[in-house]
Structures are given as structure tokens and as C-alpha cells.
Amino acid sequence: MHSITIVGIFNVAVRDSFYVKAFDGITQVTVFYLDTDDCGSWNGGFCGASLPRVSLDISSYANPNCQVRFTYFDGNDWCWCISINTLSIT
């Protein structure tokens, strides 16, 4: 199995979003999308002892030209943040 594991936080202000896309050999395909808070902020203790984790199976996109793209869109405003603490691609 080919996978991406992301550990981090995402804090929404108004209309920001976070995408993970995988290249299937022809086009970029969205494999993950988030547009709501998942835990809190840099200076808040909202996550408790652990950060949110997402694991994505990208086996169907495995090819010699495989690429992964991460995009944070701030909604054309000075919005909040995405913070990736740990990233693993296997």
C-alpha cells in the first residue's frame, strides 16, 4: 500500500482551505480536502496531548511519475494557518 500520513493542525478564519492532491499520471486528483477547524490554534491547548492525524491511501495513484501536492488557500485574505508537524509518504 502507498500512503500519506499527515499530523498537524488546521485553523480556519473565514474561507480558507487545505487540499492534498496526487498525480495519477494524467491529472492532479484531490485525495483530501479540509475547510473546517480540526483542532485549534498555535497558542491554544485545544488539541490536548495529540495532534489530529489523517492517513490517505494513494495506491491507486502510484506510477513512475507520482507526485503529491499540498495547497493551503487563505481565501484571498490574511486567514489562519495549516501546520504540518509530521509528514510520511510510503
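Give the calculated FRET efficiency between residue 62 and residue 32 to the nearest 0.05, with a Förster radius of 22 Å applied to their Cβ-Cβ distance.
On the way: r = 16 Å, r/R0 = 0.75.
The pair residue 62/residue 32 has a calculated efficiency of 0.85.
For residue 24, list long-range residues whose amide hydrogen, built 1.01 Å from N in the peptide plane, is under 5 Å from its own amide hydrogen.
Amide H neighbours of residue 24: 29.
Taking the Cβ of residue 77 as the centre, find all other residues whose Cβ is under 12 Å away and add up their charges (Lys, Arg: +1; Asp, Glu: -1).
Every neighbour counted, the sum reads -1.
Using θ = phi - 60° and the Karplus form 6.51 cos²θ - 1.76 cosθ + 1.60, what ³J(HN,Hα) does each residue of segment 11-18 get, whole Hz, x for Gly and Pro?
So the Karplus estimates, Gly and Pro as x, are 10, 8, 9, 10, 9, 7, 8, 10 Hz.
Coordinate-derived values only; no laboratory data. What you see is a predicted model; the values in this text were computed from it and never measured. Cβ sites come from the backbone with ideal geometry, for glycine too, and all protein chains shown count toward neighbours.
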